[in-house]
Amino acid sequence: MKRTLQLNIVLLLVALGSPSLLLAEPYPLEYFALRSSMSNTQLSPSGDKLAMLKILTREGNPLLHVYDTDDIEGDAFVVGSEKMEIIDYDWADDDYIVMTFRQKTSNIVKGRERDVYGYRIAILDLKNKEFEDFDAARPVFENRLALKPGKIIISEQPGAEPDLSVSEAFRPRAYYEMDLETGNKKLLIRGKLEVGRIGFDQQGNPRHARGIDSATRDQVYYFRETGEKGWKEIYRISDEDWGAWHGDGVLWDDPAVPGNVLVLAHNGDDKQGLWSYNTKTLEFDELLYRRPDVDVGGIIYHSNIWQNPNKPVGLWYYKDNYHFEFFDEREGAIHEQLQELIPGAFYVDVTSTSVDGNTMTILNRGPKDPGTFYLYRNNELLEIGNSKPLLDKDELADVKYIQYKARDGRKVPAFVTVPSSGKRPYPLVVLPHGGPHVRETIFFDEWAQMLANNGYMVLQPQYRMSLNYGMDHFKSAFIDGSQGGRQMQDDKDDGALFLVEKGFADPDRMAMFGWSYGGYAALVAASRDPQIYQCVIAGAAVSNPRRQANDFVNRDDGTGEIWREVYLYGSVQPTEEVSKVNVPVLLIHGSVDHRVLPRQAREYQAELEKHNKPYKFLELEGAGHFSNTMFYDHKLTLYSSIIDFLGNDCWSGDNAAVATKADVQH
């Protein structure tokens, strides 16, 4: 469907509407199990070509489709691989596309963080319609060098195996400038532990770096001006220095103050703000933006990467929704008017533009929108596809932002997905995020929407240690003793009881389902007394945190010694609590999970058998820890097992909850 737009300095947009439909019955689970049929739409620099990844069959892998932008209904040039899967691509210029592939190289996980996939980079020559791929150890496409035509930067990680004593963010890489036409590459700089990860400007000059001080194990950040040879240390973070916690350490050149960099930092405040940092005086010059309620989440870049590569134009933060503050008026105006135009606009992203800025691709994602793709060209807006076209956005469930008080008085934010059919009180699934030290932002959540579509209310609590809500909310999980399985668990239970108290959730039909750390939380819930749940579903669960912590003992990953020693070692150990399990358990694990090894599930399963506890076990053959390792058959099996377990193992009379809010708070 086409929508007409006018372009006059900024977009002049009109409002669109769409009909609202009532859902008669749940969608088939197959609809949710399908992988995204469309993703990653990008324009060539001239704007004359439009590329995208498409999956054409339910078991198929993504294929790269390249269209003439003025004839996207016509035939496409299609690229795929018989044995390898395309996982990403980027235009380098009008004639060349850089593609990243992966291929499963083992059906057996050989140890924690030993990935079963191998990766390759290839250059697609569109003129001659041919590939050139390169042997490289764990290659990464780093920089398209928009101001240096015909060149790109790639990196690789030398060595037969990665150094697992250092987190991925700090592992040294070697950086090369590659000539697109000849395929020749030239070594630019070789990282080492002290200066391992390096950022470049669009001319290929090394500008920012970070590494690990081998003597003190501090994280160290470096900077150098264009033309300088040596690195200048500009910031240092002790492994135990939580008071100076410094976001993710990313640096951006301050467009208003040459020589300064923009950083996300607390700098003594509870909430993370955006600062201009002076690389000469080594001081925070100016606080540009900070909020009293949530952290600043990140930087927004200029939409035209060819004319303004890596130029910061604004920032974002997340609370009930994504919120944006722009310091570039034109970029802000374009974004604001796109928000007004696009139906169900939630997170509207200009994913690519032509060099002249007259053609752009746009993506909208939101709780009820898995991803809708638009093309703006010749003063027209064209909706070109959706990542899950079988799901009608109007028939998906609403997501509400709430806050409730935990039993110790702490305010806990949460997201509630409300079924679009049925009536209150609803059966409830508490769905805690993994991590646990992550920022959970709600786009389209496939698991929550699948459950809500089948009649379940879903609660996603932002329990203590969740990022985004300030240093105190984070540190309260471990700084005065581990709260893993204790107050962190109370936060989840108190959210469920809050919904019961308000009449939204049925106390006799409540379950917890989580993955990774969320799976750990589900196992803790299975042994709690008083018990408020009728069953738990634990996916990729850490059943033995001490064993998991052993993999981190000598690791430099920025989590800090306090987190490793106090939180992981001091948290409740589910394998030691199995004798107390008092509800049915569905245990799920991928057979090649290299983040939480399958032995964690087997160890817990053995304890369930030993104590004669009711459980079911599902192994997802060939699946790993993360969602991008789950294919159609994995997801259909997972979703079918969850819905069957909730309906047939959870809500029997034998599993009726007996605990009330008064019970658990005494």
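The values are calculated or read from the model by the stated rules, or taken from the named source; none is laboratory data. Computed from a prediction, not measured in an experiment: that's the story for all the values here. Glycine gets a Cβ as well: all are built from the backbone with ideal geometry, and neighbour counts include every protein chain shown. These area figures cover heavy atoms from the full protein model, side chains too; ligands, DNA and RNA do not enter into them. Shrake-Rupley method; radii C 1.70, N 1.55, O 1.52, S 1.80 Å.
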Exercise. Going through the stretch 480-530 one residue at a time, which ones are aromatic (F, W, Y) and more than 27 Å from L597 (Cα to Cα)?
Worked result: F498, F504
Problem set entry | Unique residue being closer than 14 Å to A265 by Cα, of a type in the set (D, E, K, R) and open to solvent by less than 40 Å² (accessible area, probe 1.4 Å) when the list is D295, D328 | D295
Exercise. Within the stretch 178-193, how many residues are under 31 Å from the mean Cα position of the chain (by Cα) and open to solvent by 20 Å² or more (accessible area, probe 1.4 Å)?
Worked result: 5
For this session: Among what's in the stretch 548-580 and is farther than 15 Å from G485 by Cβ and among the basic types (K, R), pick the residue that is modelled with the lowest pLDDT.
Result: R555
For this session: Go over the candidates G191, G227, G199 one by one and state the one that is within 20 Å of N310 (Cα to Cα) and modelled with pLDDT under 90.
Result: G227
Seminar exercise, completed: Those residues of the stretch 106-126 which are of a type in the set (G, A, S) and within 30 Å of N143 (Cβ to Cβ) amount to G118, A122
Exercise. Which one is modelled with the lowest pLDDT, of the residues in the stretch 311-337 that are within 19 Å of G357 (Cα to Cα) and within 24 Å of the chain's Cα centre (by Cα)?
Worked result: K311
Exercise. Is it the case that some residue within the stretch 386-399 is touching a Phe, Trp or Tyr at 6+ places or on another chain (Cβ under 9 Å), more than 30 Å from M38 (Cβ to Cβ) and open to solvent by 50 Å² or more (accessible area, probe 1.4 Å)?
Worked result: no
For this session: Say whether the condition of being under 25 Å from S36 (Cβ atoms), open to solvent by 40 Å² or more (accessible area, probe 1.4 Å), at pLDDT 95 or above and in contact with a strand residue (DSSP E or B) (Cβ under 8 Å, 6 or more places away or on another chain) is met by at least one residue in the stretch 629-643.
Result: yes
Problem set entry | Residue that is surrounded by the fewest Cβ atoms within 10 Å (Cβ to Cβ) [pool: residues in the stretch 520-538 that are out of contact with any strand residue (DSSP E or B) (no Cβ under 7 Å at 6 or more places or on another chain) and part of a loop (DSSP other than H, G, I, E, B)] | D529
For this session: For the stretch 309-352, name all the residues that are among the charged types (D, E, K, R), within 20 Å of N468 (Cα to Cα) and assigned to a strand (DSSP E or B).
Result: E325
For this session: Find the residue count for the stretch 43-65, including only residues that are under 22 Å from K127 (Cα atoms), of a type in the set (G, A, S) and surrounded by fewer than 21 Cβ atoms within 10 Å (Cβ to Cβ).
Result: 1
Seminar exercise, completed: Every listed condition ((1) touching a helix residue (DSSP H, G or I) at 6+ places or on another chain (Cβ under 7 Å); (2) free of Cβ contacts under 8 Å to residues at least 40 places away in the same chain) holds for A606 save (1)
Exercise. Applying the selection to the stretch 444-463, what residues are open to solvent by less than 30 Å² (accessible area, probe 1.4 Å) and aromatic (F, W, Y)?
Worked result: Y456, Y463
For this session: Sort out for me the strands (runs of 3 or more DSSP E) sitting completely within the stretch 70-173 that have 1 or more residues that are open to solvent by 50 Å² or more (accessible area, probe 1.4 Å) and more than 28 Å from G60 (Cβ to Cβ).
Result: 140-143, 151-156
For this session: Filter the stretch 367-385 down to residues that are at positive phi and modelled with pLDDT under 95 and give me whichever is most open to solvent (accessible area, probe 1.4 Å).
Result: N378
For this session: State yes or no: is N310 within 25 Å of L53 (Cβ to Cβ) and touching a Gly at 6+ places or on another chain (Cβ under 8 Å)?
Result: no
Exercise. Does the stretch 426-443 contain at least one residue that is open to solvent by less than 10 Å² (accessible area, probe 1.4 Å) and among the small types (G, A, S)?
Worked result: no
Problem set entry | Lone unmet requirement of (1) open to solvent by less than 20 Å² (accessible area, probe 1.4 Å); (2) in contact (Cβ under 8 Å) with a residue 24 or more places away in the chain for S421 | (1)
For this session: Please find, among G204, G227, G196, the residue that is buried (at least 16 other Cβ atoms within 10 Å of the Cβ), over 13 Å from I154 (Cα atoms) and not hydroxyl-bearing (S, T, Y).
Result: G196
For this session: Could you tell me whether any residue of the stretch 235-244 is within 14 Å of G199 (Cα to Cα), touching an Asp or Glu at 6+ places or on another chain (Cβ under 6 Å) and either modelled with pLDDT of 75 or more or crowded, with 16+ Cβ neighbours inside 10 Å (or both)?
Result: no
Exercise. Of these, E336, E340, which one is touching a residue at least 60 places away in the same chain (Cβ under 8 Å) and out of contact with any Gly (no Cβ under 9 Å at 6 or more places or on another chain)?
Worked result: E340
